[in-house]
Every structure is written in C-alpha cells, then in structure tokens.
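Everything below concerns the one structure shown next.
Since every read-out is calculated from the coordinates, none of them should be taken as a lab result. No experiment lies behind these values; they were computed from the predicted model shown. Neighbour counts are summed over all protein chains in view; Cβ atoms, including those assigned to glycine, are modelled from backbone coordinates with ideal geometry.
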Amino acid sequence: MRKVFKKVFYLYYDGFRNMTFGRTLWIIILVKLFIMFAILKLFFFPDVLKSKFASDEERGNYVIEQLTKPKINNND
C-alpha cells in the first residue's frame, strides 16, 4: 500500500516539476482561491453567531433550534 502512495506522489511531483505554462496557471488558481476564501470571508461573511451569543453552548443551542424548527406551510 505504501508503494502505491509513493508512486502516486512521484507521478504528480514529476508532472509539476516538468511544467512550464502550467505553473503560471496554478499560481493564478491559488491566488483566486485565496481571494475567494480568505479576503471575501473577512468582508462579506462576518461571524454573526459570535457577536450574538456569549458561549459555545448558546451558539450550539441556537443552531440546533434553527435546524430542527418545523417549517410552516402557508399553502393549506
């Protein structure tokens, strides 16, 4: 089993080492992922639960309550 992981690792290692144009594309992909997950999260997705509740127990209870609350069907 260990040989399989080693072969897979060296397959990717040799492939990335011999890339020329692909490196530039991977750098662009990594920069875009960093912007999407790090920068945008800071500005557009604040931690609302941390600001509303003081403890982890209160936050957990609120989330459980929201997930298990029955939906009201107004179409009846």
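Quick check on region 1-50: take the gyration tensor over C-alpha atoms, sort the square-rooted eigenvalues as a ≥ b ≥ c, and tell me if it's rounded (a/c under 1.5), prolate or oblate. It is oblate, given that a/c is not under 1.5 and a/b is not larger than b/c. Counting 0.36 nm for each residue step from residue 28 to residue 1 and taking away their Cα separation leaves a gain of 6.3 nm. What the Cβ-Cβ distance of residue 51 and residue 72 gives, at R0 = 25 Å and to the nearest 0.05, is a FRET efficiency of 0.35.
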